Ligand code: 73E
């Protein structure tokens with residue numbers, strides 16, 4: 001599928017040409033002699049050069065796309081957590097050596113130059129980052145696949161830790177402009193909200209007229225997605241909301257200045273801010289507006305382009321277009337595509353429905369009930385009157401069909417309704433309106449089939465499938481761990497770097513026994529640990545011991561992810577060291593990071609606890625170099641790229657059955673960290689890949705958790721009463737041990753009074769045991785490095801290239 005079009009115009013071909021072009025560009029952007037230029041100017045110059053090169057290829061790709069020769073995939077997602085792009089572009093262009101050497105010769109600090117790029121935080125965590133990895137892999141494999149989302153003015157907040165607490169600061173990422181987007185005002189479209197729907201008979205056919213609506217302009221900004229060393233350049237299209245007329249002149253002229261201003265800011269508010277909560281569903285009107293905004297604008301452009309190249313007809317649309325919806329946030333694609341086909345294109349309902357289902361596929365990302373979207377019916381009805389009518393009709397026909405086919409199952413049929421209890425159930429809409437529904441890891445997909453959507457599975461068994469998540473090795477290993485990349489090249493050759501070929505890393509297996517190889521692997525890890533230690537010293541003033549084990553848990557802060565279990569174990573170790581300062585323990589550094597949703601009070605308490613414990617432990621001379629705890633503020637993609645390569649233990653300790661997949665687990669693994677985790681999400685598949693000897697697993701299984709939750713039988717108080725370690729630790733949470741004002745009653749109550757929903761106490765003893773086992777293995781460095789090598793060797797299946805190939809085979813069938 002790789003694009004082989006030879007029309008691509010490469011501008012910069014040699015190192016000498018690059019050197020000249022760079023100096024010239026720096027002088028252009030700065031208006032100064034090169035010797036006077038700042039890092040900012042150098043960054044802007046390199047960004048411009050890269051964009052000039054890529055846009056030349058992009059134009060060729062876009063003209064191919066306009067011809068509609070191949071089936072196109074469109075990822076509809078409310079989040080795209082793309083991270084910094086400059087280095088990724090340079091690497092994908094194959095410019096890395098040229099750029100590194102030239103900048104070095106010119107005395108330019110390439111790392112500092114990259115740090116000038118504001119890391120766009122247009123996502124909360126795994127769900128948004130997955131889309132960015134998928135875009136990278138789609139382009140690397142030469143598939144035509146594009147993103148469609150929102151260009152938030154403010155990304156996810158910046159996290160500061162002040163007095164041990166999370167403080168949120170606005171993320172003004174566009175402050176200095178963004179060099180990698182191209183605005184296309186001529187491709188703006190109108191999105192209609194509110195108003196009335198009227199029926200009118202035209203030529204014997206009923207037509208639906210939407211009038212008195214509030215129009216908002218959606219303006220597209222395109223970011224190129226450059227494939228790894230091939231000619232593919234796909235697009236990420238992000239929509240920005242503007243008033244239809246920049247200023248409502250007629251209102252203004254009538255003297256209503258404030259009203260005119262209000263209209264403008266109401267329109268702009270739609271793409272103002274990313275909702276900062278992953279998993280929590282809020283039911284806010286603005287969020288619903290956002291969901292319809294990028295769905296409506298995205299579909300409009302896709303349909304326009306399709307019709308333009310299909311003689312004005314929508315026939316054959318599902319053969320050329322895949323609309324892939326990332327969770328339920330874009331589920332309005334179902335009624336919106338129906339509206340276009342029925343109202344605008346005049347198709348009969350049944351034909352339109354068939355086309356819609358064939359076009360749309362749906363990925364579910366969570367089974368947490370609090371994340372399942374349900375909108376109040378009256379809100380949808382008022383904001384999207386025509387779309388709502390269509391949802392009603394979809395629901396009516398679905399229930400009719402069900403009652404016809406399964407007359408004896410009226411209760412079950414009703415439980416699957418899209419409209420019930422005064423709410424629109426978005427997951428039901430997404431399942432009913434698409435031809436493919438998948439979970440993001442085997443275990444998660446099983447839970448979808450057997451629990452969450454079991455009634456749907458009974459009715460549509462063929463619709464359900466599973467595609468395990470993956471991550472792009474180009475960013476999270478080759479780009480962020482160049483030492484490891486070079487070692488792998490030197491050991492097994494360079495073939496493993498070809499897109500789609502990462503499984504050939506298995507050639508590494510024989511070297512896992514080789515002492516010389518393992519020594520090199522250990523040296524690389526050591527260098528990466530020192531790099532992270534340097535970053536932490538510079539940003540937080542904390543000095544780490546690079547001889548200690550780096551044990552890392554970085555991800556959003558959530559009760560089900562159980563950062564609490566981690567920190568309770570840290571307190572245990574601290575207590576042990578206090579009572580026996582000379583205990584023979586393997587020195588350990590616990591590194592945690594992650595943001596909590598601003599309104600998630602409990603998660604913020606956990607952040608405070610981690611920081612309070614860190615303060616206490618790090619300042620106690622008794623523990624010396626044996627124990628350190630660091631909470632790294634403002635975890636984002638760029639910080640992640642420094643942390644993963646330095647990790648030795650990857651903490652993946654969610655309550656079994658709760659983490660749909662996890663993707664951090666994969667990023668750690670490909671950088672040689674050993675997983676210490678529960679049998680949850682993709683951890684299960686990591687265990688399968690490396691074998692139980694090369695992973696540290698512990699804790700309740702998903703079935704045990706399920707049984708406790710459905711049949712009862714768990715009493716956290718009993719666990720507490722039988723474990724003196726827990727009695728001491730939980731006591732310290734509320735008895736002033738961590739300082740007069742540092743009590744943690746809320747956490748204490750959740751564990752004992754509210755019966756510990758996430759089984760932290762139940763899994764505590766097995767967690768302590770497995771931590772001890774891991775520490776003991778670490779004493780045998782030969783064994784540890786061997787396990788690390790085996791993990792790297794088996795990490796190929798967790799490349800997002802493999803995920804995309806699975807989607808292609810199981811869902812989109814582009815070929
Ligand atoms: O397990 C992760 C998964 O690896 C899951 O929790 C996460 O998606 C990742 C990628 O598949 C996720 N995020 C959300 N739901 N699941 C979510 C929900 C609402 C808003 C924002 C994000």
Margin query: Show me the helices (runs of 4 or more DSSP H) found entirely inside segment 389-447 where at least 1 residues are more than 16 Å from the ligand (Cβ to nearest atom).
Written below: 410-415, 426-432
Checklist line | Those residues of segment 685-706 which are assigned to a helix (DSSP H, G or I) and more than 24 Å from residue 670 (Cα to Cα), in sequence order | finding: 702, 703, 704, 705, 706
Item checked: Hits in segment 244-263 (condition: closer than 30 Å to residue 79 by Cβ and crowded, with 19+ Cβ neighbours inside 10 Å) -> 263
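Consider segment 652-684. How many of its residues are more than 16 Å from the ligand (Cβ to nearest atom) and not in a loop (DSSP other than H, G, I, E, B)?
Total meeting the criteria: 2.
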Notebook entry, point to check: Any residue in segment 366-374 that is within 16 Å of the ligand (Cβ to nearest atom) and without any contact (Cβ under 8 Å) to a residue 60 or more places away in the chain?
Noted result: yes
Checklist line | Failed criterion for residue 280 (all others in (1) more than 16 Å from the ligand (Cβ to nearest atom); (2) at pLDDT below 95 hold) | finding: (1)
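Checking the structure you have, find out if any residue of segment 168-183 is within 17 Å of residue 59 (Cα to Cα), in a loop (DSSP other than H, G, I, E, B) and more than 16 Å from the ligand (Cβ to nearest atom).
Looking through segment 168-183, at least one residue is within 17 Å of residue 59 (Cα to Cα), in a loop (DSSP other than H, G, I, E, B) and more than 16 Å from the ligand (Cβ to nearest atom).
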Next item on the list: Quick one: count up the residues across segment 27-67 that are within 12 Å of residue 108 (Cα to Cα) and surrounded by 19 or more Cβ atoms within 10 Å (Cβ to Cβ).
Entry: 5
Checklist line | Positions within segment 266-279 being more than 21 Å from the chain's Cα centre (by Cα) and either part of a loop (DSSP other than H, G, I, E, B) or not assigned by TED's automatic domain parsing to the domain that holds residue 240 (or both), in sequence order | finding: 270
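So that you can scan it fast, the table gives a plain yes or no per residue for (1) under 17 Å from residue 628 (Cα atoms); (2) under 24 Å from the mean Cα position of the chain (by Cα):
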| position | (1), (2) |
| --- | --- |
| 558 | no, yes |
| 566 | yes, yes |
| 573 | yes, no |
| 578 | yes, no |
| 584 | yes, no |
| 599 | no, yes |
Next item on the list: Can you tell me which residue among 282, 291 is more than 19 Å from residue 173 (Cβ to Cβ), surrounded by 15 or more Cβ atoms within 10 Å (Cβ to Cβ) and assigned by TED's automatic domain parsing to the domain that holds residue 173?
Entry: 291
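Hey, can you tell me all the residues within segment 448-462 that are under 25 Å from the mean Cα position of the chain (by Cα) and either within 13 Å of the ligand (Cβ to nearest atom) or surrounded by 18 or more Cβ atoms within 10 Å (Cβ to Cβ) (or both)?
Those that are under 25 Å from the mean Cα position of the chain (by Cα) and either within 13 Å of the ligand (Cβ to nearest atom) or surrounded by 18 or more Cβ atoms within 10 Å (Cβ to Cβ) (or both): 448, 449, 452, 453.
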Next item on the list: State all residues of segment 120-143 that are surrounded by fewer than 23 Cβ atoms within 10 Å (Cβ to Cβ) and touching a helix residue (DSSP H, G or I) at 6+ places or on another chain (Cβ under 8 Å); if no residue qualifies, say none.
Entry: 141
Margin query: Please verify whether residue 222 is surrounded by 18 or more Cβ atoms within 10 Å (Cβ to Cβ) and away from the ligand (no atom under 16 Å from the Cβ), treating the condition exactly as stated.
Written below: yes
Check: Only one of 287, 263 is within 34 Å of the chain's Cα centre (by Cα), in a helix (DSSP H, G or I) and away from the ligand (no atom under 16 Å from the Cβ); which?
Finding: 263
Next item on the list: Could you identify the single residue in 487, 509 that is surrounded by fewer than 19 Cβ atoms within 10 Å (Cβ to Cβ), touching a helix residue (DSSP H, G or I) at 6+ places or on another chain (Cβ under 8 Å), farther than 30 Å from residue 367 by Cβ and modelled with pLDDT of 95 or more?
Entry: 509
Check: When you scan segment 79-113, how many residues do you find that are on the phi < 0 side of the Ramachandran plot, in a loop (DSSP other than H, G, I, E, B) and buried (at least 19 other Cβ atoms within 10 Å of the Cβ)?
Finding: 8
Notebook entry, point to check: Quick one: would you say residue 510 is more than 16 Å from the ligand (Cβ to nearest atom), farther than 30 Å from residue 626 by Cβ and not in a helix (DSSP H, G or I)?
Noted result: no
Item checked: Residue under evaluation residue 148, criteria (1) more than 20 Å from the chain's Cα centre (by Cα); (2) buried (at least 22 other Cβ atoms within 10 Å of the Cβ); (3) in a strand (DSSP E or B), criterion not met -> (1)
Check: In segment 320-365, what count of residues is obtained for those that are at negative phi and more than 16 Å from the ligand (Cβ to nearest atom)?
Finding: 31
Note to self: Could you tell me how many of the residues in segment 779-803 are in a helix (DSSP H, G or I) and over 22 Å from residue 134 (Cβ atoms)?
What the structure shows: 14
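Yes/no per residue for (1) farther than 30 Å from residue 679 by Cβ; (2) touching a strand residue (DSSP E or B) at 6+ places or on another chain (Cβ under 6 Å):
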{"residue": "384", "(1), (2)": "yes, no"}
{"residue": "410", "(1), (2)": "yes, no"}
{"residue": "424", "(1), (2)": "yes, yes"}
{"residue": "446", "(1), (2)": "no, no"}
{"residue": "450", "(1), (2)": "no, no"}
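The values are calculated or read from the model by the stated rules, or taken from the named source; none is laboratory data. Owing to the predicted nature of the structure, the values given are computational and were not obtained by experimental measurement. Note that we place each Cβ from the backbone using ideal geometry, even for glycine, and neighbour counts take in every protein chain shown.
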